[in-house]
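*Asks:* If you scroll down you'll find the structure; I have some questions about it.
The values are calculated or read from the model by the stated rules, or taken from the named source; none is laboratory data. This is a predicted model, so every value here is computed, not measured. Neighbour counts run over all protein chains shown; Cβ positions are idealised from the backbone, glycine included.
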Amino acid sequence: MKKRVLVIGGSMFVGRVFSILASRTDEFELHVVNRGRFPLNNLANVTEYKCDRHAATMLAHMVPDLKFDAVIDFCAYNQGEIEQMISAVGSRIKQYIYFSTASVYDPKYRKVKEEGDPLMPTSSEGAAVEEYLKGKLLLEGELEAAAAKTGIRYTILRPTFIYGPFNYAPRESWFVELIAKKHIVPVPVDATANFNFVYVKDVARALMKMVGDERAYDEIFNLAGPERVTYTRLISDFERYNGGSFDTREVTVEEVEREEIPLPFPLTEDDLTNGEKLAKTLDFTYTPFSEGMEDTFKIFYDMYTT
């Protein structure tokens with residue numbers, strides 16, 4: 001029997017890739033609720049409903065009276081949005097999977113982020129927290145409280161930097177566009193930071209494994225590949241994917257900050273997340289970084305040269 005999944009939002013990047021890959025397996029029946037900016041109803045096993053998540057009454061009537069093995073919520077950002085969703089369709093949900101972020105960990109601890117590490121404070125007594133992160137933190141607690149009250153099983157995901165096709169954040173694509181258009185690529189020669197990534201297709205595969213899997217119930221997982229990456233490694237890999245060198249300009253961290261060069265990754269402070277718990281719990285293997293990034297490079301390169 002197919003697993004029935006209600007997907008909230010996410011038609012642009014991660015949710016889009018998940019819907020595409022899940023539709024190809026014939027193991028899922030997807031019901032996707034979004035505002036219809038990037039239609040997905042041309043995919044097999046996908047039914048799409050054009051609806052804003054905040055229109056709770058409309059949503060409750062629009063989504064069929066079906067039982068769902070899981071809800072995957074890609075786009076809850078503000079306090080109250082999960083409670084509203086559970087109020088609308090909660091009695092039909094077995095598992096609620098929520099996309100948070102690895103940025104919720106308290107940066108004071110400056111080490112490899114683990115699921116049990118302290119989180120950023122949200123009260124006015126603590127350090128100031130940007131609204132996006134505050135919303136994610138509050139929603140994690142909101143889901144846990146709602147699950148305890150209703151009996152819904154929850155899974156919270158905290159991804160590090162996600163890369164891959166359809167990524168609308170100017171991260172890896174920022175470099176690829178410069179390379180494809182023969183522009184000069186700034187290279188920070190004294191950057192010391194290490195960081196890690198998770199491939200969007202790995203996120204999609206992990207989601208497919210955890211839907212309806214009791215091993216994922218009432219758990220929090222980081223999503224992060226094991227490889228440490230630096231700007232030196234990135235530029236070297238891009239040269240290899242490009243089939244040769246490209247025009248570069250060496251810059252210092254001081255010049256990057258002074259000239260406001262929009263380099264997308266940390267320069268001097270590590271940003272590392274441990275994704276081993278997911279791998280061990282769900283018998284999951286991350287795609288090697290060079291393999292996933294090479295596929296991503298080729299897709300974006302073709303996009304910028306055609």
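*Asks:* Residues in the range 28-45: is at least one in a strand (DSSP E or B), under 16 Å from PHE166 (Cβ atoms) and in contact (Cβ under 8 Å) with a residue 24 or more places away in the chain?
*Replies:* Within the range 28-45, the first condition is being in a strand (DSSP E or B), and the residues that meet it are 28-34.
Filter once more, so that each one left must be under 16 Å from PHE166 (Cβ atoms): 32, 34.
When the remaining residues are screened for being in contact (Cβ under 8 Å) with a residue 24 or more places away in the chain, the result is 32, 34.
Looking for residues that are in a strand (DSSP E or B), under 16 Å from PHE166 (Cβ atoms) and in contact (Cβ under 8 Å) with a residue 24 or more places away in the chain, one finds at least one in the range 28-45, hence yes.
*Asks:* Looking only at the range 272-289, which residues are in a loop (DSSP other than H, G, I, E, B) and surrounded by 15 or more Cβ atoms within 10 Å (Cβ to Cβ)?
*Replies:* Kept after step one, since they are in a loop (DSSP other than H, G, I, E, B), are these residues of the range 272-289: 272, 274-275, 282-288.
Residues satisfying the conditions are LEU272, ASN274, GLY275, LEU282, PHE284, TYR286, THR287.
*Asks:* Is there a residue being in contact with a Gly (Cβ under 9 Å, 6 or more places away or on another chain), in the same structural domain as VAL176 (by TED's automatic domain parsing) and either of a type in the set (Lys, Arg) or at pLDDT 95 or above (or both) anywhere in the range 296-306?
*Replies:* Within the range 296-306, the first condition is being in contact with a Gly (Cβ under 9 Å, 6 or more places away or on another chain), and the residues that meet it are 296, 299.
Retained after the next criterion (residues that are in the same structural domain as VAL176 (by TED's automatic domain parsing)): 296, 299.
Next, only the ones that are either of a type in the set (Lys, Arg) or at pLDDT 95 or above (or both) stay: 296, 299.
There is at least one residue in the range 296-306 that is in contact with a Gly (Cβ under 9 Å, 6 or more places away or on another chain), in the same structural domain as VAL176 (by TED's automatic domain parsing) and either of a type in the set (Lys, Arg) or at pLDDT 95 or above (or both).
*Asks:* Does ASP190 qualify as being modelled with pLDDT of 95 or more, in contact with a Ser or Thr (Cβ under 6 Å, 6 or more places away or on another chain), surrounded by fewer than 18 Cβ atoms within 10 Å (Cβ to Cβ) and not in a strand (DSSP E or B)? Walk me through it before giving the result.
*Replies:* Working: modelled with pLDDT of 95 or more: yes; in contact with a Ser or Thr (Cβ under 6 Å, 6 or more places away or on another chain): yes; surrounded by fewer than 18 Cβ atoms within 10 Å (Cβ to Cβ): yes; not in a strand (DSSP E or B): yes.
Judged against the criteria, ASP190 is a match.
*Asks:* Kindly evaluate THR285 against the criterion of being more than 16 Å from PHE195 (Cα to Cα) and at pLDDT 95 or above. I'd like the intermediate steps shown before the answer.
*Replies:* Numbers: more than 16 Å from PHE195 (Cα to Cα): yes; at pLDDT 95 or above: yes.
So THR285 fits the description; yes.
*Asks:* Filter the range 205-245 down to residues that are within 18 Å of SER290 (Cβ to Cβ) and not basic (Lys, Arg), then give me how many there are.
*Replies:* The qualifying residues number 19.
*Asks:* Further question: Going through the range 18-42 one residue at a time, which ones are under 18 Å from CYS75 (Cβ atoms) and at pLDDT 85 or above?
*Replies:* Within the range 18-42, PHE18, SER19, ILE20, ALA22, LEU30, HIS31, VAL32, VAL33 meet the criteria.
*Asks:* For the range 206-228, name all the residues that are under 17 Å from ARG24 (Cβ atoms) and touching a strand residue (DSSP E or B) at 6+ places or on another chain (Cβ under 9 Å). Explain how you work it out, then say what you get.
*Replies:* Kept after step one, since they are under 17 Å from ARG24 (Cβ atoms), are these residues of the range 206-228: 206-209, 211.
Scanning the range 206-228 gives ALA206, LEU207, MET208, VAL211.
*Asks:* Of all residues in the range 158-204, count the ones that are within 20 Å of PRO266 (Cβ to Cβ) and not β-branched (Val, Ile, Thr).
*Replies:* Final tally of qualifying residues: 24.
*Asks:* While we're on this one: Among the candidates GLU269, GLU250, single out the residue that is in a strand (DSSP E or B) and either at pLDDT below 95 or charged (D, E, K, R) (or both). Full working, then the answer.
*Replies:* Details: GLU269 fails: in a strand (DSSP E or B).
Of GLU269, GLU250, the one residue that is in a strand (DSSP E or B) and either at pLDDT below 95 or charged (D, E, K, R) (or both) is GLU250.
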